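Peer 1: After the structure tokens below, expect a handful of questions from me.
The values are calculated or read from the model by the stated rules, or taken from the named source; none is laboratory data. None of these values were measured; they are calculated from a predicted model. Glycine gets a Cβ as well: all are built from the backbone with ideal geometry, and neighbour counts include every protein chain shown.
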Amino acid sequence: MIQGDRVVLREFRREDIGPIHQWVNNENIIKYLAFPLFPQTLEETTAFVERQLQKKGAPNEGIFVIALKDDPKLEYIGSIGLHAIDYRNRHCELGIVIGREDLLGKGIGAEAIRLVLGFAFDFLNMHKVNLRVYEYNERARRCYAKAGFKEEGRIREQRYYGGRYWDEILMGITKEEYLTLRGTGRPREIQDASWIPGTKGTLE
């Protein structure tokens, strides 16, 4: 578990099936994802959560549930993950979704990104974190830029949405850039590391 000021990043639970099933069938959420996602049955969502539970400690991927710190049940409101973790070249790709429309634009995603960047750079010792975002997702692009990500290139006319084609934007942040932005702040505390990629249950 990784704790921030308002946000907690935790492992998946079977109780997350319901909230996930709601957002994966919400066009106002999935239109912003950097990968195609089709409407799911409850059985398909259940299978997804079961896969996440079985992948604890998977070496090349780490996906966290986003929850609000002041919620005693730490219920699912979204997820954030590091994918395609390359330990030899020390880079990975970030993906995030906030699954509740009423929580969009509240700074929750921004804090979750800061926490997972700290995990990537301070704990996994990544050199670089990359991401992909569609041109029309202006709110996410602003959020990523504030977190320190820089545009590195575009795949032209990669997504058809709203009657036209849009570019897919490639962004990245290096460890040096992250440390400069963070300043002298201490890394966030990580508890219960047994499910984190590459660990055996401790952080020593």
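Peer 1: Restricting segment 168-204 to residues that are in a strand (DSSP E or B), at pLDDT 50 or above and not aliphatic (A, V, I, L, M), which is surrounded by the most Cβ atoms within 10 Å (Cβ to Cβ)? Don't jump to the end; show me each part of the working.
Peer 2: Narrowing segment 168-204 to residues in a strand (DSSP E or B): 168-174, 190, 193, 201.
Retained after the next criterion (residues that are at pLDDT 50 or above): 168-174.
Okay, now just the ones that are also not aliphatic (A, V, I, L, M), so 168, 172, 174.
Details: Glu168: 16, Gly172: 19, Thr174: 16.
Across segment 168-204, the extreme among qualifying residues is Gly172.
Peer 1: Does Thr46 satisfy being among the polar types (S, T, N, Q) and either touching a residue at least 60 places away in the same chain (Cβ under 8 Å) or in contact with a helix residue (DSSP H, G or I) (Cβ under 6 Å, 6 or more places away or on another chain) (or both)?
Peer 2: So Thr46 passes the test.
Peer 1: Considering each residue of segment 20-36, count those that are under 17 Å from Gly109 (Cα atoms) and not aliphatic (A, V, I, L, M), and give that number.
Peer 2: Qualifying residue count for the region: 4.
Peer 1: Gln40 is checked against (1) assigned to a loop (DSSP other than H, G, I, E, B); (2) within 30 Å of Tyr136 (Cβ to Cβ); (3) at pLDDT 90 or above; (4) among the polar types (S, T, N, Q) and fails just one. What number does that condition carry?
Peer 2: So the condition that Gln40 fails would be (3).
Peer 1: To continue, here is another question. Tell me which strands (runs of 3 or more DSSP E) are completely within segment 84-167 and hold 1 or more residues being more than 18 Å from the chain's Cα centre (by Cα) and of a type in the set (D, E, K, R), or say none if there are none.
Peer 2: In segment 84-167, 150-161 are the strands (runs of 3 or more DSSP E) which contain 1 or more residues that are more than 18 Å from the chain's Cα centre (by Cα) and of a type in the set (D, E, K, R).
Peer 1: Could you run through segment 81-112 and say how many residues are touching a residue at least 60 places away in the same chain (Cβ under 8 Å) and charged (D, E, K, R)?
Peer 2: So the answer is 3.
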